Amino acid sequence: MRTIKHLLLALVAIVAMAGTANAQFKFGPRVGINVNSMHFNEKIFDSDNRTGFNAGLQAEFTVPVVGIGLDASLMYVRRTNEYNDNNNVYTRNCDYFEIPVNLKWKTNIPLINKIVRPYIFTGPSFAFLTSKRAVTNAYKYKSVDTSWNVGLGLEFFSHLQVAAYYGFGLNNAFETFGRDAEKIDGKTHCWTVTAAWLF
């Protein structure tokens, strides 16, 4: 928790620096697909990768020349989970409002920047469950799912951003109990590919 607080303070400092350095501000729509799976702390379950989608808005601050900045998005996310418990297959669509916040660095290559500009980014993501928590009385999802994202992307013509990133689940997004009343937790790990058009 202390690490996240330090990161958020660093992000606030970057926004303040951006505001005093004639930072470039952009915003626009963002859409994508995600492939997620649930990683359990017990081998009782088998979980397969499943594809979902996401859509929303993205905002970005970038400090000119150095290329360091911050982006944040408000996304509607659908994740589909499927897992096998003793030949009983459960499939569940989970809907979230997700807020990823990333520290971003864009390369600075004169002349090429206007055509294509690679970038890398990392930061936390907070997803708030909007669908029902319970699959059955025994199988429940947590109301908040947090993760840490690491990714890379390309910016074309200073407007179109295409990115891919991996999200490492930080907290347990799912819980149930085994036959011996042992608690079984699952964390969501997710690949996401997005495209955004920023004005």
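Net charge in the neighbourhood of residue 60 (other residues with Cβ under 15 Å of its Cβ; Lys, Arg +1, Asp, Glu -1) is +3.
Provide the net charge surrounding residue 116, with neighbours chosen by a C-beta distance below 14 Å and charges set as Lys +1, Arg +1, Asp -1, Glu -1. Please report the intermediate quantities before stating the final value.
Working: positive: 106, 114, 117; negative: 155.
Its environment carries a net charge of +2.
Take the residue pairs 26/114; 106/187; 104/142; 26/187; 106/142 and return only those whose Cα atoms are more than 23 Å apart. Violating the 23 Å limit, Cα to Cα: 106/187; 104/142; 26/187; 106/142.
Read-outs throughout are calculated quantities, based only on the coordinates presented, and are distinct from any laboratory measurement. The shown structure was predicted, so the numbers you read here are calculated from the model rather than taken from an experiment. Heads up, the Cβs are rebuilt from the backbone with ideal geometry, glycines too, and the neighbour counts pull from every protein chain shown.
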